[in-house]
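Please treat every number below as a calculation from the coordinates, not as lab data. All figures in this text were calculated on a predicted structure; none of them were measured in a lab. A quick note on method: Cβ atoms are made from the backbone with ideal geometry, for glycine too, and the neighbour counts reach across all protein chains shown.
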Amino acid sequence: MKIFNIFSLVVWFHFVTLGQSFPTDSKVLQDVKKYHGKIANAEVQNDWKLERESGYNFSNMAKRVVSASTIKENGISKKIIGLAIYTRGGTGESWNFSRYFVTGSEVIGTPALTADVLRNQAIELLRQDKIKVFVDFQNIAWVYDITFIDVDDHRTDRTGDVIYKCFVEYERIFNDSEGITLPNYPFEAGLRRFKSPSEAYVRLVDGQMKVAVITIGFADALDKKMMSRKEFEKIRTLKDTPLDELIGAVCPYTSINQNEKPSSDPSISKQSKSVPTNSDATEPKTEKKTKKFALPKIKISGI
């Protein structure tokens, strides 16, 4: 009986060992390179780690750390580290490659990006793909600027995106009267101005680090301009108007009436000062001559 128990233990150990027969290092590297597509070289690290997912009574997942570097594009590459993940359906089945999950990366060989370069890239992104900056671009009536203050204050996420802080300043339409059908309800609509703290995600695109997405954070409105229905209906937005027609330091919808602005042209100012008023032009001044009366001078002799 004792011999039988020992034999059973040996058989059990054999099958368990067979079930834990992990892929070779060369097979892991082959699977990772095929999955990622842009890996130049890679190496396995550490030992295998077994995990059991919910619903299984055995370890159905195995992970192995793999570090790698990508193929250079215009002198730029990525150092990445991740997990080669394998799964199986039963204890006696072989391990099948599932995916290579990148847990961290770093871009190598990129030139430092200045605030001006980042701004120009952000404006170009907005020009080409509005929704990657404004999710509700159909409500954006004017863009003042996108500014990057401290380019040294940035971080890198696990995908290798470098995240820079910035501010997006813009005018957004609002209509508090929309959908209200009450009689004599006042028209309440116009523009709200925002300067929102935002984050620009810069990633490797065609061998160059470019602003790919901007996420706009919450901010209270800096100002609000109420408008009449007629004024409001004339507002154009990014929904159907190119960016180049809705960007600049001065928003025409919120600036004062152009007819009330003092002219900046000196020649016009001088002319306006020399032109007489209507009353002066129609009633020219006339000089009135008055006669002076005086007694004749009499000279008396002897006095």
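The figures follow:
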read-out	value
Given charges at Cβ of Lys, Arg, Asp, Glu: the stretch 104-242 dipole, positive-most of L118, I149, P183	P183
Neighbour-count order for T159, T237, fewest beta carbons within 10 angstrom listed first	T159, T237
Phi-based couplings in Hz for the stretch 212-225 (Karplus 6.51, -1.76, 1.60; Gly and Pro marked x)	9, 8, 10, 9, 9, x, 7, 7, 6, 5, 6, 7, 9, 10
Out-of-range pairs (alpha-carbon distance over 29 Å; input K33/K130; K34/K130; K63/K132; K165/K224)	K33/K130; K34/K130; K63/K132
Check: the stretch 8-108 dipole with +1 on Lys, Arg Cβ and -1 on Asp, Glu Cβ, in debye	240 debye
Cβ-based charge dipole, the stretch 8-108, positive-most Cα from G104, L83, N46	G104
Segments 62-72, 45-55, 83-93, 213-223 sorted - mean Cβ within 10 Å per residue, highest first	62-72, 83-93, 213-223, 45-55
Note, ³J(HN,Hα) from phi for the stretch 115-132, Karplus 6.51, -1.76, 1.60, rounded to Hz, x at Gly and Pro	4, 5, 5, 4, 4, 4, 5, 5, 5, 5, 4, 5, 5, 8, 8, 4, 5, 7
Reach of K38 by Cα under 14 Å, taken over aspartates and glutamates that are not fewer than 8 positions away in the same chain	E73, D206
